[in-house]
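Just so it is clear, none of the values below were taken in a lab; they were calculated from the coordinates. Predicted model, so just to flag it, every value in this text is computed and none were measured. Here Cβ is always computed from backbone atoms with ideal geometry, including for glycine, and neighbour counts include all displayed protein chains.
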């Protein structure tokens, strides 16, 4: 049941992304952004048309089955989000956190990373990942085979099974990485099959 007294405090924009089986749910407005910190407690969306959820720092990307229709799913997704948002007895907001988002540790520069890996991660974090996060997905570091010059990445969220992502990675970002990191000769990105 929707709690209408609280809905006015929670504004969520739905954005279409290049992958037609995903939608990106984004909090809008100062009030909503403060309430929607996508980090630790939304139950998974309970609907048989939803196949996966990807939690970004300030958004959720949700995918549907090919045969499902967004018009049928949106209201249930919103209802579940609104049901979890409520005010406490004094009327001030409870912190509203989504379960699932965890900073990808593999993309964080570590002290023991080699110089090429540090440079790769820096380029990924500052020049590549923001573009893919904008469309409800992410590209994260998996490993770098320094002997053969092959960089392995994972595609997550709306980037999974998206032909546009593969094309963009190959035509734009592989060139960028190869030009800026001499050791990189090839980039291979695979769909992440675990829980996002």
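Worth pointing out:
- Modelled FRET efficiency - R0 30 Å, residue 14 with residue 180, Cβ distances, 0.05 increments: 0.25
- Distance between the pseudo-spin-label points of residue 150 and residue 167 (7 Å out from Cα toward the beta carbon): 2.6 nm.
- Chain lengthening between residue 70 and residue 122 when straightened (0.36 nm per residue, less Cα-Cα): 15.1 nm
- Rounded FRET efficiency, nearest 0.05, which uses the C-beta distance separating residue 79 from residue 134 and R0 of 22 Å: 0.25
- Counted by neighbouring Cβ atoms within 10 Å, the residues 72, 112 run from fewest to most as 112, 72.
- Within segment 105-191, percent of DSSP bridges classed antiparallel, to nearest 5: 55 percent
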